[in-house]
1. Evaluate the following for residue A:178: is it more than 30 Å from residue A:358 (Cα to Cα), in contact with a strand residue (DSSP E or B) (Cβ under 8 Å, 6 or more places away or on another chain), surrounded by 23 or more Cβ atoms within 10 Å (Cβ to Cβ) and more than 14 Å from chain B (Cβ to nearest Cβ)?
2. If you scan region D:328-339, which residues turn out to be more than 7 Å from every other protein chain (Cβ to nearest Cβ) and crowded, with 23+ Cβ neighbours inside 10 Å?
3. Where residues in region C:294-313 are more than 19 Å from the chain's Cα centre (by Cα) and more than 8 Å from every other protein chain (Cβ to nearest Cβ), which of them is nearest to residue A:288 (Cα to Cα)?
4. Would you point out the residue of region A:132-145, among those that are part of a helix (DSSP H, G or I) and touching a helix residue (DSSP H, G or I) at 6+ places or on another chain (Cβ under 9 Å), that is modelled with the lowest pLDDT?
5. Out of curiosity, is residue A:279 out of contact with any helix residue (DSSP H, G or I) (no Cβ under 9 Å at 6 or more places or on another chain), more than 14 Å from chain D (Cβ to nearest Cβ), surrounded by fewer than 22 Cβ atoms within 10 Å (Cβ to Cβ) and closer than 30 Å to residue D:386 by Cα?
6. Can you tell which of B:249, B:260, B:268 is more than 17 Å from the chain's Cα centre (by Cα) and either in a helix (DSSP H, G or I) or not assigned by TED's automatic domain parsing to the domain that holds residue B:161 (or both)?
7. Please pick out the residue among C:57, C:88, C:100 that is modelled with pLDDT of 95 or more, within 14 Å of the chain's Cα centre (by Cα), farther than 28 Å from residue C:234 by Cβ and not assigned by TED's automatic domain parsing to the domain that holds residue C:244.
8. If we scan region D:141-154, do we find a residue that is away from chain C (no Cβ under 14 Å), surrounded by fewer than 18 Cβ atoms within 10 Å (Cβ to Cβ), farther than 18 Å from residue D:60 by Cβ and touching a residue at least 40 places away in the same chain (Cβ under 8 Å)?
């Protein structure tokens, strides 16, 4: 699938195993009716698939048994494979937001926090959520984290947190939470056990996507008391930790949805070769064949952007600009690909007969999740200006 | 909304009344939870809204009390208004496929057929379906009607119909059906009472759209016996009748969904003016303001294409090429508009907090329903070639 | 070509006469080698074509012999016809900037100014230029007229003008100039005889377009003395006069270049029907036929936007927003059309074998001339905000 | 500029030297007025620049002094650098069609042919041309080589060639020709000395591009006699040799024009940072900043596609599909980039004040040269069908 030069044989073997597992074991579950009100698989269904993944040796496959993490280029080949079904990341425990949460805890967690919170996540026994974004209409941090309004204040051996959060993916049903709040020292992050009565889910809207258990909740944090030793790292360092998580988590979205679009394109290609219209197979109509050719090109470009950005992250760079570039390029390419797959399949493309219709909806949301395209272009334009000034001076 | 030159005051007054009704009475129903499994309003909900429409004098507003039909340019202003809510056409009885079915019966039905089938439809008491498209994977007519495989054969004073149909919008729950089938003489059309045990609904897939009660059924017609006097017009003329219905019905889709996108744009515009990010209202960010400016232009172009094509139909032309041009231009413009509305609203845009998310899904389907964009371009290319040859000779 | 409802028979007859003249008499001149260094026709060539236009009764066809001006919708059908060749507007005296200058003088000029300056222009004996835009890199008014730096001050019975202007189309070779400058009272406009030694052409760059005699000059106005009675209207009213000229002149660009793209599309269509590749006529390849179908749609939309905006201007409105919408929509549509024509014709499309290559270049420039697309979107976004506030209050 | 992993230090050093040379020595020549009628540099100007390149050690930099050729990934970094000015490839002898001709001769030429024809080319002393494409309107091979009509027949110790060729870049002024013709055995290739009276240049059209000395000639080969030992390789193998040249030559176009667009983007970025409009630097307008951000992404994607395709070629693959993918992706990306650069610079962007205007024109032609986008999509669609069938069987 990729040129893969410089990717370890071990990682390629893991990716191959994950792909085989998804194709053979996960795809049949796509017709399983167990879905929550939001259209996402129930936790029961998730845990059943994870049993199979565990047995197949592909649960949390990007984190090795010694606790070490594949590098980002290696992670890419594995997560792309897991994404070949929208259920694949759930089955393999490579899904958002858990993948990013595990990454962050692995990098910044103390041994105690890792043992207590990371271990069950890596074992695929619990789901987690990341409490950062806030309702923009209440003055909080939408795509603009500097506007964060959730507060935390020390109270004896605890911290007390108050605020409102929105679009908290997977909060419903999560057992582990990472909560971001502002103290006098600056932003802080806390590990918390869930559910907690001080965290009240106000609303889980129906959304255009339906792959993420628990949906995207809006909730109120009302005097949540967290023991001081559950703070991640140091007070005031919360934004730095968010940065650590930011680019890899953003890029892992690109990986998984690329996998989904590879599969959607397989389905559309198969359809175009089997079905006839106006006297010949659809694929022989240039109007259709050209769309598939464009998919081929867009898929390759998405793969290359992910590999490039992953390579930058593997040098130790935060990769903020690079992951913005990759996120915009990949999400927009995937939208074009998914849209063409729907169109190639005509009426069938807008039904749930195949996953193509779902992939289209998921990818539409992805152009907004983790920063809308426009916010990334805005920050890239700032960088262009900074670079120009630096070169001038 | 339009220049409206040459549109009668009567029609403008009807449109204004419809708009007021939709804004005041229908929009509150958008939050009503009564939905069928496919996400469409239940018939109970539809009939409740129609009571209000009847009382407000806006039920089937494009067909006057003397049975006469507004011309197409007039119909446009009325149907655009009814489309301001996805529920509006259902409430006002201007929805597909009923609007097209009423149009066809009004044009080609005998007095007896009109009295028996058209009257209850105009009164908004029953829903209807149009049985034309067939499963392409079984060799039937997808977007290519010449491949029709459903047959009808005379049997005494009846016709007996056999075949398979797919994407039959509203078949589930319809009381009136117009069924197309092939006889020795050529294509025929029949009016039938529904439900009928000889028409077996095999499957109603979930689809990306959710505005049409009954969804889009796949079904089997198994020895359906229809009295000979329920044939519409003459045997062998079925394709001609399909042509009569074709362009106006296609254009009425454009009208209704333009209304929906006008509304989506109002919602996005309001959002962009109220919400702030990075220190100023969203609308003051060019990245957002430009999208709204592009919507303004696309909305105007969609309106002009509809008005132009309607004017062509009003001359008595079948308008086949013109309605293909309008369908492509309008559906693609509406997709861009709906997509920008979602994007402007960020996370909120992909939730069901507003109708923007639904409009996006509906418009995605519209690019395929009534002929995918590519089929229309294909037939336009044929016409370009014919015209070139005619000019040469 | 258009629905043309409400356009007078007189105007349609003029348009038909202009079209016949351009097709028969002007098109053969497209191969005439008399071009200035910038690629534009020499004045000798222009005047020779105008002799033919005069004889054919199609010189300045949009201004009637009694001095009255066709309304804007009528003007559209005439100017579109004149644009069928890039030489047509020059031959018929419907070209920029003269057409706009004549319009402005006809609206705002005193009888004396009309007799002295307008008459020879309408007679097609002289060319004119409009001195407004200034070098942005010197702090002057690029697309932002409020930054104007050219000054005028009274000195006895004269005004003395100083400043720098850039992109002054046709200044080289013009006999009449309309110069804009700032006085204490505000902006002023002056009619001046050209050439004048106080107006020094510094530079006429080569540009991507090549249809406009004299090119687009950068020049210095150095103590230009203008008799006070050559001021147009009142001191301080210069921006109002610029507004009078603005929308109609902008729209007339759309008209002429639509004509050019109609012709380019005729050429590409003919090519696609005559040439074969991979075993069949180009037009039978969907990849080509679809491009021609898209052209058909884009041409229609451009025509409709022009007609709509012209109708708004005919109500007496300044049509600022409407002409921005039309300019963006039409210029971007024409770019797509011209680009497809080039592509359909392959290697031939990038040579000067036909006018398609030139039309592509002209239309590229048109997306910038008279305000780049982005400036229009910017002002439309401002209007959207204003309208939202007005509706709220 | 690139990740460059796996590219030799030697190649990176060469690329750096080439970049320094182009920036310091070649760019000042961009204002040199010595141009032929078609706008391309005269051979005098070319040879003068080559003297400098020879002195700087950057003449034919991708072919080492021992005659070995950099691999394709290495070639990419060098040719991108040479492309930073449209004059750079001419100065460094990395231009089309010479670069491809040298590559082919280096791969397939006998020692005698190399000594006689390749040596002076590598030394930068002569230009060459590749005689393949034929006039499609005469039934010859446009983008469809199977239609070749030029013939060669043995006559004693010679071959006699007859036919017509078109778009033969650089034929005017070339000293070496590679001529393709059909014999009974199949296609053949010949090395010929130029000029030769039997090759009559009929026409060199003006074209939208202007970087290639000699332009793109249409010519007649009239009983050209070529000694038998000037046949390249074997009779009947001509198409195979064309294949050897095809992908690398196609990709080298991508490399050079990527260089040109990198430079155009530097110019536009500088402009956007220096100029002000509506109260702030252009770059601070999102409408402008977003275009530059999109350029950043498109430039990166173009670079990655080139590097990927080059890597495929370096494995020894013909890379036919991969180079089609790269050619479409890169040429379309460069068009968007060049178009945005023009637009960012407003009026200045359409003048010859900078090279941006030229780069825009060159890139427009590039979307057609070496196979229009549509022909590549067509052949990719064929491949998709073949691959599907192979997977099925």
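The values are calculated or read from the model by the stated rules, or taken from the named source; none is laboratory data. Since this is a predicted model, take the numbers as computed values, not measurements. For neighbour counting, all protein chains shown are included, and Cβ atoms are generated from backbone atoms with ideal geometry for every residue, glycine included.
1. No: the conditions fail for residue A:178.
2. Within region D:328-339, the first condition is being more than 7 Å from every other protein chain (Cβ to nearest Cβ), and the residues that meet it are D:330-339.
Correct list: D:330, D:331, D:333, D:334, D:337, D:338.
3. Here the answer is C:295.
4. Pass one, region A:132-145, residues part of a helix (DSSP H, G or I): A:136-138, A:145.
The next check asks that each one be touching a helix residue (DSSP H, G or I) at 6+ places or on another chain (Cβ under 9 Å); those that pass are A:136-137, A:145.
Working: A:136: 75, A:137: 70, A:145: 65.
So, considering only residues that are part of a helix (DSSP H, G or I) and touching a helix residue (DSSP H, G or I) at 6+ places or on another chain (Cβ under 9 Å), the one modelled with the lowest pLDDT is A:145.
5. Yes; evaluated as a whole, the condition is true for this residue.
6. B:268
7. C:88
8. Yes, region D:141-154 has at least one match.
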